[in-house]
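Take a look at the structure set out below.
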Amino acid sequence: MNILFLYTEVAGYFLASAQMLYSEHDYQIHIVTRPNHPEAPYVFPEQEGTTFYQRNDMSAEDIYHLYERLNPKFVYISGWGDKTYMNVARRIQKKIPVICSCDNQWKGNFRQIVGGLVRRSYLHRRFTHIFIAGTYQYPLAVHLGFKKRQVLLGMNTADLPIFHKAYHDYLPVKAKNYPHNFLYVGRFVEIKGLSELVESFMEISNEVPNDWTLTLVGTGPLKKKLPAHPQIIYKDFLQQEELPELVKDSGCFVLPSRVEPWGVVLHEFAAAGLPLISSNVCGAATAFVRPGHNGYLLEPNSKTSIKNTLLNVIQKEDSELLLMGERSYLLSFHITKESWATTLLSAEIPE
């Protein structure tokens, strides 16, 4: 039994989820993909039951022949932007489920409204289902003409076991000496809101003396432009399996993005038991942030909002932050690798 994924770029959390289809459901996983983006240089692991194919070396006919040879249960395609993948999808859509992933949020603007109407028939000649990230994506799926039974929910999930392990491993240490460190993990690009975060943190450090630090992890063009500060720590990109090492010394995760369709990293550090600060545009916040319960929401592009939110955390007692982290951990079970796999396997060609 086989499953075929046609991807643009894969990430570690996706591969961990796909592995569930092999380990728990006995499917062989076949992934056609391109080399990864230099700002997120993920290294493919050797994974039992998974075969990779280089997209740059394959034509539409090559991929179709692969499909014929594999006779997969379904084909999963990351979006609709690759014309070669769309060529293949149109040829097989009436034979097996062909699932399109989508993390684009519904904005309700002119471009989306018109584009959705134009694209409806195009998509329905290629896909039987759309797999969306969360509630911010659902109105778009409906506008694109997908019926309720064709919309699958829970497209992205963290590799929960490795982050849950970090939560349990470091909980005794943090209960004794809670780390006063804000953590950001992601690309160093303007849309992530890092300039406002760094400026806000520096102003707080000057105005309200405290022992909190800010650790920023990743790579990207903005990294060289951000200022140095004695309470700000910059670290290089880490592979997914290295991220749990950050948990021991982190007291709150921050994702101040101006634009963030979903944000799996929010799920990852919820699972690791950190209080969460997220901008209110982040799709994953709808699932993993409950303001005042396990974290806070902030307005993107607003230093005032960022400063007030950071101060809310700084002024908390360590015992309160520990409890907020426990609540994040419990919320992380909202979406799992198991639910991801079984959702995909439930897809059948609509009657």
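The values are calculated or read from the model by the stated rules, or taken from the named source; none is laboratory data. Just so we're clear, the structure is a prediction, and the values are computed from it rather than from any experiment. Cβ placement follows ideal geometry from the backbone for every residue including glycine, while neighbour counts extend to all protein chains displayed. Surface areas here come from the heavy atoms of the whole protein model, side chains and all, with no ligands, DNA or RNA. Shrake-Rupley method; radii C 1.70, N 1.55, O 1.52, S 1.80 Å.
Can you tell me the accessible area per residue over the chain, all protein chains present, probe 1.4 angstrom, in square angstrom?
Roughly 44 Å² per residue, with all protein chains present.
Give me the Å³ per residue figure for the convex hull around the C-alpha atoms of the range 68-199.
Value for the range 68-199: 183 Å³ per residue.
Kindly express, to the nearest 10 degrees and within the range 0 to 90, the angle between helix 110-124's C-alpha long axis and the longest C-alpha principal axis of the chain.
The answer is roughly 40 degrees.
Taking amide hydrogens as modeled 1.01 Å from N in the peptide plane, which residues meet the under 5 Å criterion relative to Tyr296, leaving out close sequence neighbours?
The answer is Leu276, Ile277, Ser278.
Just to confirm the number: angle between the C-alpha axis of helix 160-176 and the first principal axis of the chain, 0 to 90 degrees, nearest 10?
Once rounded, the angle reads 10 degrees.
Largest first and to the nearest Å, give the Cα extent of the range 230-320 along each principal axis.
Reported extents, whole Å, longest axis first: 32, 31, 27.
How many nm separate the modelled label positions at Ser302 and Tyr234, each set 7 Å beyond the Cα in the direction of the Cβ?
That separation, rounded to one decimal, is 2.9 nm.
So what are the radius of gyration and Dmax for the Cα set of the range 19-134, in Å?
Taking only Cα atoms of the range 19-134, I get Rg and Dmax of 15.7, 46 Å.
Convert 20 °C to kelvin, take the viscosity as 1.002 mPa s, use the Kirkwood radius over C-alpha pairs of the range 167-268 as Rh, and evaluate the Stokes-Einstein diffusion coefficient in µm²/s, rounded to a whole number.
Taking Rh from Cα pairs, D becomes 149 µm²/s.
Using a 1.4 Å probe on the protein heavy atoms, what percent of the accessible area of the range 267-351 belongs to carbon and sulfur?
48 percent
May I ask which of Lys73/Lys95; Lys94/Lys147; Lys225/Lys316; Lys192/Lys303 have a Cα-Cα span longer than 20 Å here? Intermediate values should be presented prior to the final figure.
Working: Lys73/Lys95 10 Å; Lys94/Lys147 17 Å; Lys225/Lys316 31 Å; Lys192/Lys303 14 Å.
Violating the 20 Å Cα-Cα cut-off are Lys225/Lys316.
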